[in-house]
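Inspection log for the structure reproduced underneath, given as C-alpha cells.
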Amino acid sequence: MKYELLIIYLFIINVSTFILYGIDKKKAIKHKFRISENTLIFSAFIGGSLGALLGMQFFRHKTKHPKFIIGVPVCFIINIISVLYICGFIRL
C-alpha cells in the first residue's frame, strides 16, 4: 500500500507518546525526575497527538495545564491536516 510507512509511523509515535504520558504520571506520583513538558508537547506535535490526548485522559495527566489543554488539541488538528495533505485529500 502507498501509505504503509505513514501508518506505521503514526502508530509507533502515538503508542510511544501514550507511554510517555504514563511514565511521566508515574514519576509525578513518586516525586521522581520528570519528562519535560516540551518533550511531551513535541511528541504530540510530530504526530503523536492522539496518543497524547488519550494519555491525558487515561492517566488524568496534564489535564489542568493550559499549555496542554490548548496545545495538544491544536497539535491534533495540525496532525489531521498534515495527514490529509500527505494523502492528497486536501490542497493548500
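Just a few scattered comments:
- Residues that are open to solvent by 60 Å² or more (accessible area, probe 1.4 Å) and either in contact with a helix residue (DSSP H, G or I) (Cβ under 8 Å, 6 or more places away or on another chain) or not in a helix (DSSP H, G or I) (or both) within the range 4-14 comprise just one, Y9.
- Single unsatisfied condition, G22 versus (1) of a type in the set (G, A, S); (2) farther than 15 Å from L53 by Cα; (3) surrounded by 13 or more Cβ atoms within 10 Å (Cβ to Cβ): (2)
- Residues located in the range 53-67, provided they are out of contact with any Gly (no Cβ under 9 Å at 6 or more places or on another chain) and closer than 18 Å to V15 by Cα: L53, L54, M56, Q57, R60
- Any hit, the range 73-92, residues being touching a helix residue (DSSP H, G or I) at 6+ places or on another chain (Cβ under 6 Å), farther than 21 Å from I7 by Cα and either open to solvent by less than 100 Å² (accessible area, probe 1.4 Å) or at pLDDT 95 or above (or both): no
The values are calculated or read from the model by the stated rules, or taken from the named source; none is laboratory data. The structure displayed is predicted, hence computed values, not measured ones. In this analysis, Cβ positions are derived from the backbone assuming ideal geometry, glycine residues included, and neighbour counts consider all displayed protein chains. Accessible surface is based on the protein model in full, side chains and every heavy atom, while ligands, DNA and RNA are left aside. Shrake-Rupley method; radii C 1.70, N 1.55, O 1.52, S 1.80 Å.
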